[in-house]
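First the structure, in the form of structure tokens, and then the observations on it.
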Amino acid sequence: MALLFYSNEDDPVAWGGELRKRLPDLDFRVWPETGDPAAIDSALVWLPPPGMLASLPNLRAIFSLGAGIDGFLRDPSLPDHPLCRMIDPALTTSMTEFVLTTALWYHRRLDLFAAEQAAGQWNQVLARPAAETRVGVMGLGVLGTAAAEGLRRHGFTVRGWSRQARPIEGVATFSGAEGLDAFLGETDILVCLLPLTPETENILDAGLFAKLPSGARLLQVGRGRHLVDEDLLAALDSGQIAHASLDVFRREPLPHEHPFWKHPKVRMTPHIASYSLPSSGADIVAENLRRLADGRPLLHVVDRRKGY
Ligand code: NDP
Ligand code: OXD
């Protein structure tokens, strides 16, 4: 049986090479050169066109090249086979780096100095110790926990919020709707690392911004549909949010007429906060292919009822 690869963002040659190092007999096929679709029993894919997976009659497992699987669940024809998320040390490390870099950027007031430079002003504002900056991470899963631990190691005061209670050493953790206000109330830099589900869609709205201390900063690395764009623009205008760093957007690439592009209090990156690497990500895919062949349970299967 064969593995089908599809992605517009990931390199099939690199992935095929790394997987064959681990599974020399692997029949690795790259869309659209699929050969007989009936020979394909697993798929390693990112943002496949709707209906593509349903067209494979003998498919038994779907492996996502990314951590967030909301795009898969939007396909009404998605077959009911195990859907496994990407858990890769490189993906986790690159997200921790990005969160830490951005938190440090805000902590050292580089947003302020960029604005002062644009205004031709020279003001020496010194940063307080990192422990006086409170960073709140929404979502304490694989990526959120690693980011919270990285922030704590650096000396920030770290808070975290999840659906169920997730204790993390040295981090003040909160959970559920009942814990959200207390979590937000003492968060100077808010990091969104939630999955996109019906419960989390539009969660970053005016009501949530109002619960943060005035002048809070936002790092949005979850999914574009977490954020109500107009509410962020209003919060930036009022100063309730002092600055926002956005890596994900409702439409990607973000259309050029969108006000975020030129907003002086917005810093954009093109959905690059983190990424998996074939050299490390192939370990988990190869392990799951072995498990599939042996009939053993697969790793990192998405709970479709929860949506992540
Ligand atoms: P996980 O599934 O490991 O963790 C998700 C976390 O979110 C869990 O702690 C979960 O709570 C929490 N959560 C889910 N729903 C709710 C809710 N309704 N209320 C409160 N907490 C909730 O995901 P990952 O850490 O692997 O990834 C998180 C997201 O990061 C991805 O889904 C994707 O959207 C985004 N991402 C962005 C990238 C980028 O480059 N910008 C790259 C990779 C991922 P609990 O622990 O209780 O289950
Ligand atoms: C992911 C992403 O979910 O890159 O892995 O957004």
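Values quoted throughout were computed directly from the atomic coordinates according to the rules given, and no laboratory measurement underlies them. Quick caveat: nothing in here was measured; it's all calculated off a predicted structure. Don't worry about glycine lacking a Cβ; one is built from the backbone with ideal geometry, like all the others, and counts go over all protein chains shown.
Scan segment 218-254 residue by residue and report those that are touching a residue at least 40 places away in the same chain (Cβ under 8 Å) and either more than 16 Å from ligand 2 (Cβ to nearest atom) or more than 17 Å from P195 (Cβ to Cβ) (or both). Of everything in segment 218-254, those that are touching a residue at least 40 places away in the same chain (Cβ under 8 Å) and either more than 16 Å from ligand 2 (Cβ to nearest atom) or more than 17 Å from P195 (Cβ to Cβ) (or both) turn out to be A242, H243, S245.
Quick one: which strands (runs of 3 or more DSSP E) sit completely within segment 1-76 and have at least 2 residues that are buried (at least 18 other Cβ atoms within 10 Å of the Cβ)? Break it down into steps so the answer makes sense when it comes.
Working: elements: 2-6, 27-30, 40-45, 61-64.
By residue number, 2-6, 40-45, 61-64.
Residues in segment 220-279 that are of a type in the set (D, E) and exposed (fewer than 14 other Cβ atoms within 10 Å of the Cβ): E230, D237, E252, E257. Applying a threshold of 7 Å to beta carbon distances and a minimum spacing of six or more residues, or different chains, the list of pairs starting in segment 281-299 at a residue that is over 20 Å from P89 (Cα atoms) and ending at one that is assigned to a helix (DSSP H, G or I) reads P297/R291. How about segment 98-109: which of its residues are in a helix (DSSP H, G or I) and surrounded by 15 or more Cβ atoms within 10 Å (Cβ to Cβ)? Residues satisfying the conditions are F98, V99, L100, T102, A103, L104, W105, Y106, H107.
Please verify whether segment 98-115 includes one or more residues that are more than 30 Å from T187 (Cα to Cα) and in contact with a helix residue (DSSP H, G or I) (Cβ under 7 Å, 6 or more places away or on another chain). Spell out the reasoning first.
The first filter runs over segment 98-115 and keeps only residues more than 30 Å from T187 (Cα to Cα), leaving none.
Checked against the condition, which is being more than 30 Å from T187 (Cα to Cα) and in contact with a helix residue (DSSP H, G or I) (Cβ under 7 Å, 6 or more places away or on another chain), segment 98-115 yields no hits at all.
Filter segment 255-286 down to the residues that are within 16 Å of ligand 2 (Cβ to nearest atom) and not in a loop (DSSP other than H, G, I, E, B), then identify the one that is farthest from Y106 (Cα to Cα).
Just the residues of segment 255-286 that are within 16 Å of ligand 2 (Cβ to nearest atom), to begin with: 268-278, 280-282, 284-285.
Add one more test, that the residue is not in a loop (DSSP other than H, G, I, E, B), and what stays is 268, 278, 280-282, 284-285.
On the way: M268: 14, P278: 32, S280: 31, G281: 31, A282: 35, I284: 35, V285: 37 Å.
Once the filter is applied, the top-ranked residue is V285.
In the set (1) surrounded by fewer than 22 Cβ atoms within 10 Å (Cβ to Cβ); (2) touching a Lys or Arg at 6+ places or on another chain (Cβ under 8 Å), A206 fails one condition alone, (2).
What are the residues in segment 160-180 that are away from ligand 1 (no atom under 13 Å from the Cβ) and either among the β-branched types (V, I, T) or outside any loop (DSSP other than H, G, I, E, B) (or both), if any? Explain how you work it out, then say what you get.
Restricting attention to segment 160-180, the residues satisfying the condition of being away from ligand 1 (no atom under 13 Å from the Cβ) are 169-170, 172.
Passing the criteria: only A172.
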